[in-house]
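Here's the structure we're looking at; comments come further down.
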Amino acid sequence: MKEFNGVSSSHYIADEDLDFHGIAEAGLTIRRGVTVNLHGILQGPVIVEPEASLTVFGLIEGEIDDRGGRIVVHGLTDKDAGENITP
């Protein structure tokens, strides 16, 4: 699994399994079948493609576009993620 530590100031596209530690300032796209564990703050738009998985330990600030993936949040979100989100 790939690791990222720090601040991403551009929209981050995860096309392989990822442990993200830090801040995604401009959003995140998770490609089909990819798993992302995010520890920190996710700002901007979040796109979760079909069969993708996002687990957040922290805060989501921004719109969530769930296209058929799985979203689990251990923390806070300021937007509705739809029916596939697990608190």
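Assorted remarks:
- Note on the stretch 38-63: residues that are open to solvent by 40 Å² or more (accessible area, probe 1.4 Å) and touching a strand residue (DSSP E or B) at 6+ places or on another chain (Cβ under 8 Å) amount to 8.
- The stretch 1-21 residues that are closer than 10 Å to LEU38 by Cα, paired with ones that are open to solvent by 70 Å² or more (accessible area, probe 1.4 Å) and at pLDDT below 95 (beta carbon under 9 Å, 6 or more apart): LEU18/MET1; ASP19/MET1
- Hey, ASP65 within 11 Å of the chain's Cα centre (by Cα) and either modelled with pLDDT of 90 or more or outside any strand (DSSP E or B) (or both) or not: yes
- Positions within the stretch 1-37 being in a strand (DSSP E or B), closer than 14 Å to LEU59 by Cα and open to solvent by less than 50 Å² (accessible area, probe 1.4 Å), in sequence order: PHE20, GLY22, ALA24, LEU28, ASN37
The values are calculated or read from the model by the stated rules, or taken from the named source; none is laboratory data. Just so it is clear, the model here is predicted, and its values are computed rather than measured. Note that each Cβ is placed from the backbone with ideal geometry, even for glycine, and that neighbours are counted across all protein chains shown. Quick note on the areas: whole protein, heavy atoms, side chains included, nothing else; ligands and nucleic acids left out. Shrake-Rupley method; radii C 1.70, N 1.55, O 1.52, S 1.80 Å.
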